[in-house]
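S.K.: Next up is a structure, given as structure tokens.
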């Protein structure tokens, strides 16, 4: 073994580039585990070595734990960074590597399991004293008024055995609940073979706010502020910012303290995100889930606080000091990230692939671009549509919105349809400029714009 | 990346289509157009590649070598000679450690110069302690092994050359 530790990068696209850069920063040697489609990619050229792990479709390469583990063994890797998506939150790869004595850049497998499903994650949150959404099972669908009062309105009636959005009814008052509960029970029997129901509080105008944590694995936590990711379409984040705008000091403290408590209970190791729903119509703050990985939107936090979270992940996995500072709850800058996807926002966000014939990025202070694409790059059809992340930092939110608007105008990507026109529209919208929009905001606003154009 | 899709790109398209719910697909890359279908009906012109089992048919805008399917460079060379003359290869279908013998000290599965059928085992690839028999995939005479016993191999790496005209 040489003195230079090898980091196997088990991912592709912009996050592979990001991990390679972090490996270089700490003096390690990055090796890329690539599919056939990515063996000549910019990330492959940036790495010290490429190991082809399988065919182009992700289910024959990036999603195969044995193939990735085999590549780690062949590379002589000291650690494997899984990025986000793919195998990043699967205990399977983590455990295969453990058997080989190779470090996993992420939390322990038992942590991945504990937060991996909604039921056990909810229990962990309750144990940590973190606020969770009110929910109650219905014993008798003809006797529900007291349960409804307990939850509060509006609420959802859900079939316990339902799924994929089926078997859900929105109820706004006790009269509706009395009328709809027996119907829902009968339908659940017919549709799912089981009439069990539960009631859950419904938040129609809530924001998505998340807290960036970094645990030392012993129960201690660094908290790197919060992010607002409320500009979403069908639960896909489009724009993220740090800090979350317009949070009261009290709410911010509740979010950060709750996240710290979760890190402690889990003895969480490395970078993670605790997601919350923050209601705009009440004071409620509700725990959603823990994302036990580095997230797509981590750069807004890095830019706001001046840290390198990915390098810190690698250092911790190699048994080194992560070299992170203690920071206050609010960063000294405001940062906005725009996800540039290979999708046509004017055609129902349909993905497209092909050759990038011309590419020009904006330049200037506070502009960061995380991407794999370059002129002549053939954007492959096999994977998700994220092409690049445009990240803009300024001294406050108004300045950041203005700088982001200018930056978006100065991007040229020819050859593919992108989400850039959508970003230009949102950044200029008075609701976004005001800050604090709920996750339900984007869908109808974008539809209304389309109708106003036709 | 070149102007034309490589043969591997085409193979990847086929495997994508095979696993999808789509009946057909059409792809334009530069000045090369590729149409793939699981159903003969969409093609009214004869195609350059034959139908193999349940594989989708392919039709490409450039000369398609029919036998040298595993030679990625072949598609990019317009004047490619017949496949057998180039020497066909048997490629690793997975990443792992390649063994030519069923167990240490045993005789190799096959030796160069030996004739094999498509289902003849030519070696084993071990991936994370799982042993996978590797078959020739085509009939012919093995002319050489390109990796030695117990070598680590990557997906798609040529393991042996085979003369399919023999």
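S.K.: Answer rounded, prolate or oblate for the protein assembly as shown, using the Cα gyration tensor with square roots of eigenvalues a ≥ b ≥ c: rounded when a/c is under 1.5, else prolate when a/b is larger than b/c, else oblate.
M.R.: Numbers: a/c = 1.69, a/b = 1.62, b/c = 1.04.
Here the protein assembly as shown falls in the prolate category.
S.K.: Between residue B:132 and residue A:449, what's the calculated FRET efficiency when r is the beta-carbon distance and R0 is 60 Å? Round to 0.05.
M.R.: Values: r = 54 Å, r/R0 = 0.90.
Efficiency computed from Cβ-Cβ geometry: 0.65.
S.K.: Next up: What is the list of residues in region A:1-25 whose amide nitrogen lies under 13 Å from a point 7 angstrom out from the Cα of residue A:95, following Cα to Cβ?
M.R.: none
S.K.: Modelled label-to-label distance, residue B:143 and residue A:234, 7 Å Cα→beta-carbon offset: nm?
M.R.: 5.1
S.K.: How would you rank A:88, A:353, going from fewest to most other Cβ atoms within 10 Å of each one's own Cβ?
M.R.: Numbers: A:88 23, A:353 16.
Going from sparsest to densest Cβ surroundings: A:353, A:88.
S.K.: A follow-up question, please. Tell me, in nm to one decimal, what length is gained between residue A:49 and residue A:410 on full extension, where the rule is 0.36 nm per residue of separation less the Cα-Cα distance?
M.R.: Numbers: separation 361, 0.36 × 361 = 129.96 nm, distance 3.45 nm.
Full-extension gain reported as 126.5 nm.
S.K.: Could you grab the relative contact order for chain A? Cα pairs under 8 Å, six or more apart, rounded to a whole percent. Let's see the in-between values first.
M.R.: Working: 976 pairs, mean separation 64.6, N = 454.
Normalised by residue count, the contact order of chain A is 14 percent.
S.K.: Also, quick follow-up: Report the FRET efficiency, 1/(1 + (r/R0)^6), for residue A:281 and residue B:118, where r is their Cβ-Cβ distance and R0 is 60 Å, rounded to 0.05.
M.R.: On the way: r = 67 Å, r/R0 = 1.12.
So, using R0 = 60 Å, E works out to roughly 0.35.
S.K.: Does region A:321-421 classify as rounded, prolate or oblate by the C-alpha gyration tensor (a ≥ b ≥ c root eigenvalues; a/c under 1.5 gives rounded; else a/b over b/c gives prolate, otherwise oblate)? Before the final figure, lay out each step's value.
M.R.: Working: a/c = 2.19, a/b = 1.75, b/c = 1.25.
Prolate, since a/c reaches 1.5 and a/b exceeds b/c.
S.K.: Here is a follow-up. Tell me the label-point distance for the pair residue A:264, residue A:248, using the 7 Å Cα-to-Cβ offset, in nm and rounded to one decimal.
M.R.: Placing both labels 7 Å beyond Cα along the Cβ direction yields 2.4 nm.
S.K.: For region A:90-119 and region A:386-427, compute the distance between their C-alpha centroids and round to whole Å.
M.R.: Region A:90-119 and region A:386-427 have Cα centres spaced 36 Å from each other.
S.K.: While we're here: Just how far, in whole angstrom, is region A:135-188 from region A:226-294 if you go by their alpha carbon centroids?
M.R.: 28
S.K.: Let me ask something additional. Just to be sure I understand the model, the point goes 7 Å from the Cα along the line to the Cβ. What's the resulting residue A:132 to residue A:200 distance in nm?
M.R.: 1.2
S.K.: Nearest 500 deg cm²/dmol is fine: what mean residue ellipticity at 222 nm does the protein assembly as shown get from its DSSP H runs of n ≥ 4 alone, each adding -39,500 (n - 2.57), divided by its residue count? List each step's numbers first, then the result.
M.R.: On the way: 17 runs with 173 residues, N = 620.
So the helix-based figure for the protein assembly as shown works out to -8000 deg cm²/dmol.
S.K.: If neighbour count is taken as other Cβ atoms inside 10 Å, put A:104, A:361 in order from fewest to most. Working shown, then result.
M.R.: Numbers: A:104 25, A:361 15.
In order of increasing Cβ crowding within 10 Å: A:361, A:104.
S.K.: Let me ask something else about it. When A:405, B:121, B:89 are ordered from fewest to most other Cβ atoms inside 10 Å of their Cβ, what list results? Write down the numbers at each step before the final one.
M.R.: On the way: A:405 18, B:121 13, B:89 22.
Going from least to most buried by this count: B:121, A:405, B:89.
Computed from the coordinates by the stated procedures, all read-outs in this text should not be read as laboratory data. These numbers come from a predicted model, not from an experiment. Cβ coordinates were reconstructed from backbone atoms using ideal geometry, including for glycine residues, and neighbour counts include every protein chain displayed.
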